[in-house]
Amino acid sequence: MDTQTSAAPLTNDVVDPYYEGVPDYMVDVYDWAYVNPVQVDRLDHNLVVRVLLFGNDQRLMRAYLNEIRPGMRVWQVAHVYGDLVTRVADKVGPQGSFHLTDITPAQVEHAERKLAGRPWAQVYRADAAHFDGHGEYDLICSFFLLHEVPEDKKREIVDHMLARVPVGGKAVFVDYHRPSMWQPIRWILKVVNAWLEPFANAVWKHELSHYATHADRFDWNKRTFFGGVYQCTVVTHKAAPDA
């Protein structure tokens, strides 16, 4: 495991290793979900993912997995609870490479355990907006990360991902979307966003291309699921027009 990390002191200048280098917004908003190792142990299960996604977990994962071909170089910008990361690594296979990043030590620990025994899969502790990577990637995926980061971070992450995609390569964004008015889950999510997800309303208001500095250099193909609650946006780097 490589580390590229920023520190969240406790008291008397003692730093809990599970909080060291974790951004303040994550400690303030998502300690209960992603930072506290006890909570991470409780939540890292397929059933939790299924409940949180109202039973849509498998088709949303398939939307990502279907874009992967064996032998690809794939970067997933954050860990995901459940078995998704092992499924991605297995789909990539030993002829390819799978790089997984996360900024929180607890997530990195879980990812390393899941991917042990797959030498083509590497876990790095790194900020998705600054991971220096190892060249370009055939496919880069953000799976339910963007709605959890502040606006400026959304822009940094999207731009950094797209900068690592060569012509013909893809970035895949699976995330929330603005639900249709008739979708009753819309009202549940409004409460959840107000209480637990302060950065999520932005993906209701904006297309993901809004966060790309050079959106016109890419093709943006969006599908929505479950009455507009979720989206899978596949972004393909276009060839430059002939001079």
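The values are calculated or read from the model by the stated rules, or taken from the named source; none is laboratory data. Owing to the predicted nature of the structure, the values given are computational and were not obtained by experimental measurement. Note: ideal-geometry Cβ built from the backbone for every residue, glycine included; neighbour counts use all protein chains shown.
Looking across the stretch 119-132, the residues that are farther than 20 Å from residue 106 by Cα and either surrounded by 18 or more Cβ atoms within 10 Å (Cβ to Cβ) or at pLDDT 95 or above (or both) come down to 119, 120.
Out of the residues in the stretch 45-90 meeting the condition of being on the phi > 0 side of the Ramachandran plot and over 17 Å from the mean Cα position of the chain (by Cα), tell me which one is surrounded by the fewest Cβ atoms within 10 Å (Cβ to Cβ). Among those residues, the one meeting the criterion is 55.
Scanning the stretch 1-43 for residues that are in contact with a strand residue (DSSP E or B) (Cβ under 7 Å, 6 or more places away or on another chain), of a type outside the set (Asp, Glu) and modelled with pLDDT of 50 or more yields 1, 15. Residues in the stretch 149-173 that are crowded, with 22+ Cβ neighbours inside 10 Å and either touching a helix residue (DSSP H, G or I) at 6+ places or on another chain (Cβ under 9 Å) or more than 12 Å from residue 75 (Cβ to Cβ) (or both): 149, 154, 157, 158, 171, 172, 173. In the stretch 223-236, the residues that are at negative phi and buried (at least 18 other Cβ atoms within 10 Å of the Cβ) form Cβ pairs under 8 Å with partners that are assigned to a strand (DSSP E or B) and small (Gly, Ala, Ser), at six or more places apart or across chains, as follows: 234/171; 235/171.
Among the residues of the stretch 205-222, how many are of a type in the set (Ser, Thr, Tyr) and surrounded by 19 or more Cβ atoms within 10 Å (Cβ to Cβ)?
Qualifying residue count for the region: 1.
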